[in-house]
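Single-structure report; data block below.
The values are calculated or read from the model by the stated rules, or taken from the named source; none is laboratory data. Keep in mind that what you see is a predicted model, and the values were worked out from it rather than measured. Glycine gets a Cβ as well: all are built from the backbone with ideal geometry, and neighbour counts include every protein chain shown.
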Amino acid sequence: MEQRILRAAVIGVGSMGRNHARVYASMPGVELVAVCDTSYTAASNLANIYRCRIYTDYHEMLANERLDLVSIAVPTKYHFAVASSVIRHGVHLLIEKPIAATVEQGWMLIEAARRQGVTLTVGHIERFNPAIIALKEQLDNHELGKLFQIVSRRVGPFPARIADVGVVIDLATHEIDILNYLIGSPIVRMHVELHRHLHQSHEDILSALLRFENGMIGVLDINWLTPTKIRELSIVGERGMFVANYLTQDLTFYENDSCHGHAWPELALLGVSEGRSIRLKVPRREPLYEELRSFCDAVRYGTKPAVSGEAGVAALEIAGQIIETGLREQPAARLIERALEVGG
């Protein structure tokens, strides 16, 4: 039976939106029919490459085009308005993370999509990183035994294109969603340090210590101040440590040699010693392609998306708690708070 061609569009063709357009245009069974951006130049440059129609008003695009699905890649403050309009037109949608500017808006979008019967998913792209998928499989198979600590590091140079949010919303939401995905345990306590060094109105560095209900410790190291891009996650357990590199898509296991032939709690008496390091075989794939393929499959077959709206709200809610805790806990944060109020 021949597959129905899905008609796709992209609203917002900045850095991320351009990539969405590229992937849709390359996917079998999908036709990129339109792109929309307030900048006619940006939209027309992209439309010329992929031979699709140009819009500068998403209302006009939604009224004129017969669409199956849309990617929304506009600044966070516009997510709610754009997504609400897409839902009203009965079009399935992927919203680049975060789902919305506030938790309340996120829940409103979820409810609107449910009433309208459309698929809503959130662009937490690292869920589709092969290294993270392989790590999840290892943890589900209890390859580390009892888990102790998880450390997420996402740092790099300052991105001038980000003006409406700080590192917590822009970067930490990636890691928060992955912590929820891998650990599946609520955070019961956190200590947070935030500061603004270079950004005009929002925090550009975050250090956070998290305590999970299951006893694990989490560490977040996030900033826009490091002159090289690092995207790495490590998780330590009784049998050793896994290190996942988001950029190279490598997953490496560092063995606790003392664990051979022994079970917990014997291990507590034996301690930890250095064993083998093993790089697991992980097939490399483009996470964005896998994300959009998964979204298209959910639309085509009426299945649940891999990343639900509820998962998007959960990540946003924790990010909000991190910001609130950081502003409350440190005197220097009052300066950030005032800057946030001024910056809107």
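Structure above, values below:
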| quantity | calculated |
| --- | --- |
| Every pair of residues 6+ apart whose Cβ atoms lie under 9 Å, when the first sits in the stretch 7-36 and is closer than 15 Å to residue 289 by Cα while the second is in a strand (DSSP E or B) and of a type in the set (Asp, Glu) | 8/31; 16/96; 17/96; 20/96; 24/31; 25/31 |
| Number of the condition not met by residue 150 [criteria: (1) in contact (Cβ under 8 Å) with a residue 40 or more places away in the chain; (2) part of a helix (DSSP H, G or I); (3) of a type outside the set (Asp, Glu); (4) buried (at least 18 other Cβ atoms within 10 Å of the Cβ)] | (2) |
| Cβ-Cβ under 9 Å pairs, at least 6 apart or on other chains, the stretch 283-307 side closer than 17 Å to residue 131 by Cα, far side surrounded by fewer than 18 Cβ atoms within 10 Å (Cβ to Cβ) and of a type in the set (Val, Ile, Thr) | 284/248 |
| The stretch 6-15 - residue that is modelled with pLDDT of 95 or more and either at negative phi or assigned to a helix (DSSP H, G or I) (or both) and, of those, surrounded by the fewest Cβ atoms within 10 Å (Cβ to Cβ) | 7 |
| Condition check for residue 226: at pLDDT 95 or above, hydroxyl-bearing (Ser, Thr, Tyr) and part of a loop (DSSP other than H, G, I, E, B) | yes |
| Selected residue (only one of 43, 112 is touching a helix residue (DSSP H, G or I) at 6+ places or on another chain (Cβ under 9 Å) and surrounded by 15 or more Cβ atoms within 10 Å (Cβ to Cβ)) | 112 |
| Within the stretch 175-204, considering residues that are within 27 Å of residue 130 (Cα to Cα) and touching a helix residue (DSSP H, G or I) at 6+ places or on another chain (Cβ under 7 Å), the one surrounded by the fewest Cβ atoms within 10 Å (Cβ to Cβ) | 180 |
